[in-house]
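> Handing you this structure, nothing more for now.
The values are calculated or read from the model by the stated rules, or taken from the named source; none is laboratory data. All values reported here derive from a predicted model rather than from experimental measurement. Positions of Cβ are generated from backbone atoms using ideal geometry, with glycine treated the same way; all protein chains shown enter the neighbour counts.
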Amino acid sequence: MWTLVSTIAKLLDKGAAGERLTPEEGLALLESADLAALGWAADRTTRRLHPENYRTYNIDRNINYTNVCSAVCDFCAFYRKPKSPEGYVLDRQELLQKIQERCKAE
Ligand code: SF4
């Protein structure tokens, strides 16, 4: 167990220092499933690349005119299968209203 923890810590240090990881090392990090440690390494990387004490963000909004989808991606909790009673399709008026709401908010 300690060997694995130590190995993952070394890989995180390597990545946070800006060194390239091999595909095998990247897979080891992915399989470690240690989200907190990955977040910590990501924060170290961000602070190394951008030491200034402020951050900027984009505000992004996708107006989905429908939640009906047949792709059925494993991670998605949004879609409803065709003919689902929870499926919706916005009409043009609803869609324009959502666009106008978004424009007013910015
Ligand atoms: S993410 Fe969801 S809505 Fe998008 S294609 Fe996959 S199942 Fe469809």
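> State all residues of the range 49-80 that are within 17 Å of the chain's Cα centre (by Cα), of a type in the set (Asp, Glu) and more than 15 Å from the ligand (Cβ to nearest atom); if no residue qualifies, say none.
Correct list: Asp60 only.
> Ok, one more. Just one of Lys104, Lys83 is surrounded by fewer than 11 Cβ atoms within 10 Å (Cβ to Cβ) and at pLDDT 95 or above; which is it?
Within the list Lys104, Lys83, the selection yields Lys83.
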